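Trainee: After the C-alpha cells below, expect a handful of questions from me.
The values are calculated or read from the model by the stated rules, or taken from the named source; none is laboratory data. Bear in mind that the values here come from a model prediction, so they are computed numbers and not experimental data. Positions of Cβ are backbone-derived with ideal geometry, glycine not excepted, and every protein chain shown enters the neighbour counts. Remember, those area values only see protein heavy atoms, side chains included, never the ligands or the DNA or RNA. Shrake-Rupley method; radii C 1.70, N 1.55, O 1.52, S 1.80 Å.
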Amino acid sequence: MAGAIENARKEIKKISLEDHAESEYGSIYSVSGPVVVAENMVGCAMYELVRVGHDNLVGEVIRIDGDKATVQVYEETAGVTVGDPVLRTGKPLSVELGPGLMETIYDGIQRPLKAIKDMSQSIYIPRGVNTPALSREIKWQFTPGTYKVGDHITGGDIFGTVFENSLIENHKILLPPRARGTITWLAPAGEYTVDEKILEVEFDGNKYDYSMYHTWPVRVPRPVAEKMSADYPLLTGQRVLDALFPCVQGGTTCIPGAFGCGKTVISQSLSKYSNSDAIIYVGCFAKGTDVLMADGSIKAVEDICLDDSVMGKDGLPREVVGLPRGEELMYEVKQKTAHKSDAARDEPCGLMKYTCNAAHKFVVRTPTSCRTVTRTMKGTEYTEVIFFDMVKKILADGRVIDIVEEVSESYPATEGPEKAARVREEYEQAHEGKEFFEWTIEARDVTLLGRHVRSATCQLHSPVLYESDFVSNYLKKSPFPLGAEAASALPYLLGLWVGDSLSTKATFSVDSRDTSLFDRVIEYADVLDRAAEYKDRHTTKIAEANQSEGIRKNLNTDNPLWTAIVDLGYLKNSTKNVPAYLCTANIEHRELFLAGFIDSHGSVCGDDDAIFATVETTHCSVMEGTVAVARSLGMKVSVNTAPAKMDKNSVNHQSVYAVHMFGDALRSVLSKCAGEQKFKEAPAHAISREVNEVYFELTPLSVDKYYGITLPEDSDHQFLLANQLLVHNCGERGNEMAEVLMEFPELYTEQSGKKEPIMKRTTLVANTSNMPVAAREASIYTGITLAEYFRDQGRDVSMIADSSSRWAEALREISGRLGEMPADQGFPAYLGAKLASFYERAGKAVALGSPDRVGSVSIVAAVSPAGGDFSDPVTTSTLGITQVFWGLDKKLAQRKHFPSINTSVSYSKYTNVLNKYYDSSYPEFAPLRDRIKEILSNAEELEQVVQLVGKSALSDSDKITLDVSNLIKEDFLQQNGYSTYDAFCPIWKTYDMMRAFVSYYDESQKAIANGANWAKLSEATGDVKHAVSSSKFFEPSRGEKEVHGEFEKLLSNMQERFAESTD
C-alpha cells in the first residue's frame, strides 16, 4: 500500500490549499496516536484515501459520523495538530500489481524496503517517503499475446507476457478487471518500464491507456468468473501434514502455538517445498543513555549498531538484531531513596537514573505477600485476607497486560478465621518456593499499580559477571619489567591512593599504628620493584629502590604506580577518578581496589550477621565510580553527603561523600584488606552475586526521540545499562519477521533439476508488532490482494500469515482508540466477522478473461496465543472459519520433535474432498491414514493405563500398539530438516512409508493372533523393525521408481521374516 502510499501521493501531491476547492478539505478535530478525527468532511466515503496534515501523511477513512470522519493514519502522527488540513482524494487505498513483485520485500503498506534504503541511505523508513512499489527504472521484455488492433478486450484478458525470473518465466499482463473496449493500439515486442503505455483501448467514444501494471483496492476481493471446489492437496513435504491432516490448494489452515513451537519452521517448509507457484509471506531510551557492551566498554544507545553485542545479566553477550526508533512521551526513571532530608544530609547521591519512552518495559520484582487483618465495619467484625496476585487486565486502549494487583477477600467473624486460613494455605501452595513475582511492565502502565503494590515493586540492578583481562593486558604492555604478582598489587595500591583525598603524587596516608597495613604496602611496593618510604606525618611514598635522594623527590617520574594512575584514568582533569573499566575487570582486581580504598580511608562495623563498610571521599567522580564498582560485585550501596562547613575552630571542611556498602559480596572484599580493624575472614560458602532491588520513581517528561535495542527471540530480552540496571529490550516482537527477512533470501528450492532461490517465487510483506498500528492492520489485506493477482494469472498461490495475532492486536488497539465496546480480552466484537471476510478470499477459481485459466489462493495463518492457550479469542475465531487445524505442542517442541504437531488435537475437514485424488493416484492412502490415526489414538489411551498398572499388565496386542505407535511418532511423524533424505518427503514416499508401518503392525498382530509371544517375536524380527524405521533414509533424489522398488523389497522381506518367526 504505498504501492498504496505511492498511488496516494500521485493523487495528492504536496500542494497548497489554493490548488483545490475548499469543499475538498476538512480539518483535524482531534488526534489519538494513529487515529485522527477530521471535521467538515461532508461527502467523504468509507475507506476513502485522505492526506493528513502539512506533511501529507496517508490515511484511510474508517468511520463517518455527521460531518466528522475518523481516519487511521499509516505513518507516525507526531507533530500533527488540531486545525491541520485533511485533503480528500475520492480514491480507495490500493496496491500496485505488475512485474517486479517477486523477490521483493515490502512493509505492511507495500513500501519496498530496499528501494527506500537506497534512496534515504538509512536503515529507517523516513516519514513521508515517496517510493513506488514497483520500480519505474527496470525495463521488462514485453511480448504481445494473440490480440491485435480492432479486437474486443475485457477485464482479465491476457494481452501480453513478461519474463520475470527463472521460476516466474511467464508473468501474464492482464487488463484490469473493470476495463473493456476495442483495441486501438498495442505496443510491439520490446523493452518497457511498468508505467509506459503498451495498450490503448476505446470504449463508449473514450480512449484509455494501460501499462504493464494496474492498481486495485486492497479491501475489495478481486472478481472471478467462477468459484470451484478444491480437489488437489497442498503438498508440504511434511509427512504428518500430508498424510494425516492434509490441506487443499485453495484451502484455509490455522497453525496456533506458543512462541518457540515451530510455526516459522512450518511456514518456511511451505515456502520451500509446497506445490505452489507463488508465495506471499506476511508475517527505548533517550539519546545519551549509556549501555554496557559485551566487551565491557560503554556506548551511547544511539551509537549502537546492528550485530553489536550488549552485556546480559549473566555476563554473556546479547547480539543486537534490531534498532527501533521513534518519538513518544518520555519518562525520567530515578532511584527512590529512604534518606531523610535533615540538615546533616544534602540531596542523596549515587542514585541510578535514566530516561525511557512510554512503551519501555521495566524488569521489576514484587514480593509475594498474603496477610490477614481484622476489621470492624458497621458494628460487624470481619476477617480480611489481602494478597498480591498476577492477573490479566484489559486497558482502555485494548491492550491486555499481566499486572500484579492487591486482592482482598472479607469474611464475617463467624467463619472468617477458617476461610482466611484456607485462602492463605492455597496461596502458599500456589506460590510454593516463590518469594516474588519477576515480571515486566511498560512505563506508561506504572500508574495503574495500587499504592501497596507500587511501594513494594522495584527494578533490578545486576552484578557484572563478565571479567576482562584489562589489568593483565595493561601490565604486559607496560615499559616496566613486572612479574605476575603485579596484577594483584597494582589494584590494591591504586585503591590506597584513591582513598587519600589530598594526594596528587604517588603518595598516600595510612594509619602508622597498623603494622599489618605497613607490611602489605612494603610487600606490594617490592612487587612493583619499588621501595616504600615513610615520613613522620604517616605518609607512604612509593619510589624506585636504590635511587639517589635527589631523584627520589620526584615521585611521578619513572614510577609504575604513577604511570598506571595517569594511563588508566585514575587522574582526570587534575581530579581523582575511578575509571569505568574497573566495573568489568577481573572480579579479584575489583575486590583488591575496594580493599585498598577501605584500608586507606574507610571503616568497617557490624557483626558477622550484618557487616557494613564505609569509605569517604571529597571527589564526586570517585564516589560515582566506587558505587559502580561495588554494585558490579553484587553489593548494596547507599550514599550520604555532608555539606561543606566551618567548625568551631574556624577550620573549613570540604563536602564529603560517604559510600556505604553491605551484602554478602562485601565479605570477600574485606578478606583482602590488610588493616587489622578491617580484615575479615573469607566466607566458607561461595559468594552469592544476585540481582539487587532498586526502588524507583517515575516522572513524565515531554515527547522526544527514543532509541531502542532489539535482542534475539531466543534470548531473555534483557541487558545492562552502564549503571548496571537490568532493562528489557525495545521492539521485542519486531524481530518476529527479522528471521524470515534474513533466512528466506538464503533458502533454495529445486525446480526441473535446477536449484533456485525461493525468493524468486516469494513476496514478503512485513507485519510486526512494532510497526505503526494502522499499517499492521492493513498489511494482511496487502498480502491477500497480491495473492489474488497471481491467482488471476492461473497460478496456485499460498499466503502465509505469520502471525495473524499481530493483525488482531492491531484491530484491538484501533478499536480501543475508537472507543468501541470491547469483547473477550478487549478484542472488538466484530473480530470474527473481520477474520471471516479475510479467509473467504481464499479458494480455487476460474479467473476472469481469456484464455481460460484456473488458480487458487491457500491461506495458512499462524496464530500466537499467549502462553499457547487455544481458548484465546483469535484462535477460537480462526478455528471456527478455517478447515484445517495444525495444533502445535510446546512439549514436543521442547523435546526437539519437529514438526511439533499434536496429533490428538489437530484435524482436517478436507479428507473426504481429497478421496477422489487419492483413489486415482494412491488407492490405499485413505485407509492407511485411518489406520495410523487409530493406532495413535489407541496408544494414547493405553499410555494412561500403563501409568497406572505398568506395561507388563498389558496384553501382547496392546504392547504391539504401543510399540508401533512409538515407531510411528519417532520415524514417521518426526522429520530432520537438516538432512537431504528427510527435509522434504514427496507424497509417493509418504505413501510407501505408510504401507511399511501399517504392514509391520498388521503382521505383528496376525502373528500374535496365531499364538506367538510378542517379546520373543519382537526380538526375532528386530531386523525388520530396524528396516521399517530406516525407510526414512531412502533418498527421494533417487527417483520414485527406484525408491518404490526398495519399499517393495522391504514389504516382501517383512512377510517372509514374520512367516519364518511364526513357524
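Trainee: Based on what the data block shows, is Leu517 modelled with pLDDT of 85 or more and either touching a Cys at 6+ places or on another chain (Cβ under 9 Å) or in a loop (DSSP other than H, G, I, E, B) (or both)?
Mentor: Taking the combined requirement at face value, the residue satisfies it.
Trainee: I've got another one for you. When you scan segment 766-799, how many residues do you find that are modelled with pLDDT under 85 and among the aliphatic types (A, V, I, L, M)?
Mentor: 6
Trainee: Name the pairs: first residue in segment 217-240 and surrounded by fewer than 17 Cβ atoms within 10 Å (Cβ to Cβ) and among the aliphatic types (A, V, I, L, M), second residue modelled with pLDDT of 90 or more and in a loop (DSSP other than H, G, I, E, B), Cβ to Cβ under 7 Å, at least 6 apart or on different chains?
Mentor: If the second residue must be modelled with pLDDT of 90 or more and in a loop (DSSP other than H, G, I, E, B), the pairs left are Ala225/Ala847; Ala225/Leu848.
Trainee: Suppose we filter Glu438, Glu405 for residues that are part of a strand (DSSP E or B), under 30 Å from Ser805 (Cβ atoms) and open to solvent by 70 Å² or more (accessible area, probe 1.4 Å); which single one remains?
Mentor: Glu438 is the lone residue from the list that is part of a strand (DSSP E or B), under 30 Å from Ser805 (Cβ atoms) and open to solvent by 70 Å² or more (accessible area, probe 1.4 Å).
Trainee: While we're here: Of (1) modelled with pLDDT under 75; (2) farther than 30 Å from Phe870 by Cβ, Pro367 satisfies all except one. Which?
Mentor: It fails just one condition, (1).
Trainee: Further question: If only one of Glu103, Glu76 is touching a Ser or Thr at 6+ places or on another chain (Cβ under 8 Å), open to solvent by 10 Å² or more (accessible area, probe 1.4 Å) and part of a loop (DSSP other than H, G, I, E, B), which one is it?
Mentor: Glu103
Trainee: Starting from segment 681-696, keep only residues that are surrounded by 16 or more Cβ atoms within 10 Å (Cβ to Cβ) and among the aromatic types (Phe, Trp, Tyr), then list their pairs with residues that are modelled with pLDDT under 80 and in a loop (DSSP other than H, G, I, E, B) whose Cβ atoms are within a distance under 9 Å, requiring at least 6 positions of separation or different chains.
Mentor: Taking only residues 6 or more apart or on different chains, the pairs are Phe696/Lys336; Phe696/Met352.
Trainee: Any idea which residue in segment 89-115 is modelled with the highest pLDDT, counting only those that are farther than 30 Å from Cys44 by Cβ and among the aliphatic types (A, V, I, L, M)?
Mentor: Among them, the one singled out is Leu101.
Trainee: Quick check on my filter: what residues within segment 614-633 are open to solvent by 30 Å² or more (accessible area, probe 1.4 Å) and not in a helix (DSSP H, G or I)?
Mentor: Glu616, Thr618, His619
Trainee: Does any residue in segment 181-198 that is within 13 Å of Thr146 (Cα to Cα) come within less than 6 Å, Cβ to Cβ, of a residue that is surrounded by 13 or more Cβ atoms within 10 Å (Cβ to Cβ) and of a type in the set (S, T, N, Q) six or more places away or on a different chain, and which pairs are these?
Mentor: Ala189/Thr143
Trainee: Pick from segment 885-925 the residues that are over 40 Å from the mean Cα position of the chain (by Cα) and surrounded by 15 or more Cβ atoms within 10 Å (Cβ to Cβ): which of them is nearest to Ala996 (Cα to Cα)?
Mentor: Among those residues, the one meeting the criterion is Phe925.
Trainee: Tally up the residues in segment 370-409 that are more than 42 Å from the chain's Cα centre (by Cα) and among the small types (Gly, Ala, Ser), please.
Mentor: Qualifying residue count, segment 370-409: 1.
Trainee: State all residues of segment 1014-1051 that are polar (S, T, N, Q) and outside any loop (DSSP other than H, G, I, E, B); if no residue qualifies, say none.
Mentor: Residues satisfying the conditions are Ser1018, Ser1029, Ser1030, Ser1031, Ser1037.
Trainee: Suppose we filter segment 160-203 for residues that are among the hydrophobic types (A, V, I, L, M, F, W, C), in a loop (DSSP other than H, G, I, E, B) and closer than 13 Å to His214 by Cα; how many remain?
Mentor: Looking only at that region, the number is 4.
Trainee: Here is a further query. In segment 293-308, which residues are open to solvent by less than 40 Å² (accessible area, probe 1.4 Å) and under 21 Å from the mean Cα position of the chain (by Cα)?
Mentor: Listed by number, the residues that qualify are Met293, Ala294, Val301, Ile304, Asp308.
Trainee: Still on this structure, please answer the following. Look at segment 408-435 and say how many of its residues are open to solvent by less than 70 Å² (accessible area, probe 1.4 Å), assigned to a helix (DSSP H, G or I) and more than 25 Å from Lys378 (Cα to Cα).
Mentor: Qualifying residue count, segment 408-435: 1.
Trainee: Okay, moving on. For segment 1013-1040: of the residues being closer than 25 Å to Asp982 by Cα and aromatic (Phe, Trp, Tyr), which is surrounded by the fewest Cβ atoms within 10 Å (Cβ to Cβ)?
Mentor: Phe1033
Trainee: A further question on this structure: Quick one: in segment 116-137, of everything that is at pLDDT 85 or above and over 21 Å from Asp55 (Cα atoms), which residue is surrounded by the fewest Cβ atoms within 10 Å (Cβ to Cβ)?
Mentor: Filtering segment 116-137 for residues that are at pLDDT 85 or above and over 21 Å from Asp55 (Cα atoms), the one surrounded by the fewest Cβ atoms within 10 Å (Cβ to Cβ) comes out as Glu137.
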